[in-house]
1. What is the set of long-range amide H partners of Leu297 at a cut-off below 5 Å, with H atoms built 1.01 Å from backbone N?
2. For Lys287, list the lysines whose Cα falls under 16 Å from its own Cα; do not include residues on the same chain fewer than 8 positions away.
3. What translational diffusion coefficient, in µm²/s and rounded to a whole number, does the Stokes-Einstein relation yield for the range 422-480 at 37 °C and a viscosity of 0.692 mPa s, taking the hydrodynamic radius as the Kirkwood radius over Cα pairs?
4. How would Asp325, Asp79 rank on accessible area, largest to smallest, probe 1.4 Å?
5. If packing is taken as the average number of other Cβ atoms within 10 Å across a peptide's residues, how do 155-164, 224-233, 133-142 rank, most packed first?
6. Between Gln443 and Ala283, what FRET efficiency comes out of the Förster formula 1/(1 + (r/R0)^6) with R0 = 41 Å and r the beta carbon distance, rounded to 0.05?
7. Using a 1.4 Å probe over the heavy atoms of the protein chains, calculate the carbon and sulfur portion of the accessible area of the chain as a whole percent.
8. Ratio to report: Rg/Rh of the chain, with Cα atoms as the point set and Rh obtained by the Kirkwood method; give two decimals.
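The values are calculated or read from the model by the stated rules, or taken from the named source; none is laboratory data. Since the model is a prediction, treat every value here as computed from it, not as a measurement. Neighbour counts run over all protein chains shown; Cβ positions are idealised from the backbone, glycine included. For the accessible areas, the whole protein counts, side chains as well, though only heavy atoms, and no ligand, DNA or RNA atoms are used. Shrake-Rupley method; radii C 1.70, N 1.55, O 1.52, S 1.80 Å.
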Amino acid sequence: MPGSARPFLRNCELAVAARTDVAFQQCIAPACGATFSVDEVLTSCPSCGNLLDVTYDWDRLRPPTSFEVFERKWMRRSDPLAYSGVWRFHELFPFAPRESVVTIGEGQTLLSVSDGVGGFVGMKPGRLHLQYEGLNPSGSFKDNGMSAAFTHARMIGAKRAACASTGNTSASLAVYCAVTRLMRGIIFIGSGKISYGKLSQALDYGALTIQIAGDFDDAMARVKEVSGKLGIYLVNSVNPFRLEGQKSIMFRVLESLGWEVPDWIVVPGGNLGNSSAFGKAFAELRKIGLIDRVPRLAVINAAGADTLYELYHKRGLRWEGGRADLSPACHYYDELDRDKKRADTIASAIEINRPVNLNKCLRALEVCDGVVREVTEQEILDAKAQVGAGGFGCEPASAASVAGAKQLVAEGVIGRDERVVCILTGHQLKDPTATVAYHTTDQKLFNEVLGSRGVSRASFANRSVSVGNRLDEIVQAIELYG
Ligand code: F0G
């Protein structure tokens with residue numbers, strides 16, 4: 001369906017006009033702070049090489065003074081921009097004119113209390129919430145950001161888009177290309193590094209899929225090089241517009257809580273785009289006066305891909321108002337190279353050793369008085385099984401948030417009656433291999449997939465029961481186990 005997104009949007013009223021005069025790209029380093037037009041395609045500051053933000057002149061924009069504006073949009077659900085869980089909050093990231101907006105209906109996601117998972121984490125009833133981003137069109141939170149990146153790409157007339165991916169960004173890029181036909185999608189993945197669920201999406205949606213002999217960190221370095229050389233639009237989270245869309249996850253959390261700020265947001269950390277976006281969202285909401293306090297932020301690494309944990313928790317790296325000496329990060333990367341250490345975790349989505357948004361995440365941790373933890377493969381899989389038993393289901397990386405929350409409650413850092421939101425970043429069906437291996441009765445499969453990673457038990461396994469094709473055996477099994 002060529003150009004399908006366009007007629008879909010044509011009749012929308014123009015509530016948010018073109019904002020090139022009040023929205024800018026800006027270097028995040030306070031000592032530099034260089035600004036650039038939103039019409040430029042940049043993934044780092046041309047002056048100093050640091051990351052870029054999209055910033056707004058809020059004084060001139062006069063953003064909403066209450067959350068009611070967003071609530072009223074529920075009455076106009078036939079308008080695609082009011083229907084989208086991202087663009088419903090357009091006033092909070094007004095970098096694009098309304099007619100440029102690309103939406104495929106992303107962000108219809110849920111915040112739910114889960115006392116089952118809460119009990120596992122050690123929380124009192126009613127306190128643990130799960131923000132289930134698996135309900136997005138491509139099954140992960142990435143669609144929030146992809147919708148914003150596609151909007152920017154459309155503003156500047158890009159024809160090809162690329163990403164490196166551990167699987168979900170690629171699935172998201174591929175689905176936006178397939179539905180909108182605005183760009184050709186080119187995907188770089190580490191060879192044998194992504195789950196079949198995600199690979200199958202990229203292939204099915206028709207993206208050009210390039211498997212590189214290497215891992216995500218290699219693919220990321222290459223895609224930056226290639227997209228610069230060929231002028232291809234990069235949709236990884238170094239693209240500041242993508243993170244603008246991901247802020248909406250926090251807006252929906254607040255919306256679901258009646259605009260009350262929770263005590264904690266707990267999120268898995270991979271390339272650190274989400275945590276960065278969340279910190280920016282809360283800093284901006286506080287700046288424009290829509291909230292008067294920010295939640296605390298917990299970023300959870302997998303132990304096999306724990307750069308942030310190592311640098312923040314063990315080596316004391318901090319943002320320090322943007323004045324931090326970031327050389328510990330460079331030293332650490334040199335050590336990784338020297339020791340030939342590669343990221344390695346069952347949570348393949350966060351199997352990343354060189355997170356591109358490290359600096360922004362450090363800033364978010366400062367804004368939100370954050371903490372960083374790492375969780376083992378065993379902790380991830382047990383937490384994942386509990387999320388499944390709670391009726392949600394998520395992929396291993398997502399369960400890191402729940403495993404991390406459990407650890408923080410056990411340490412007493414998170415109080416049992418605080419209000420906690422764990423972000424479930426990806427759908428359960430993304431990675432069936434890990435799930436089946438956890439619940440299996442086949443010891444060989446368990447050992448191959450999980451035992452080899454140091455997982456010794458499946459405490460919450462729901463094992464299938466094998467019977468002969470005989471009525472009496474089936475009846476007996478149901479009476480025994482049913
Ligand atoms: N959870 C899931 C399911 C992911 O796919 C990712 C990242 C993360 C968590 C980490 O989020 O990068 O914002 O810290 N996946 C990327 C990808 C890297 O290529 O799909 P982050």
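1. Ile265, Gly370, Val371
2. Correct list for Lys287: Lys247.
3. Answer, rounded: 241 µm²/s.
4. So the residues, ranked largest to smallest area, are Asp325, Asp79.
5. 133-142, 155-164, 224-233
6. Computed FRET efficiency for Ala283 and Gln443: 0.25.
7. Within the chain, the accessible surface is 50 percent carbon and sulfur.
8. Rg/Rh: 0.97.
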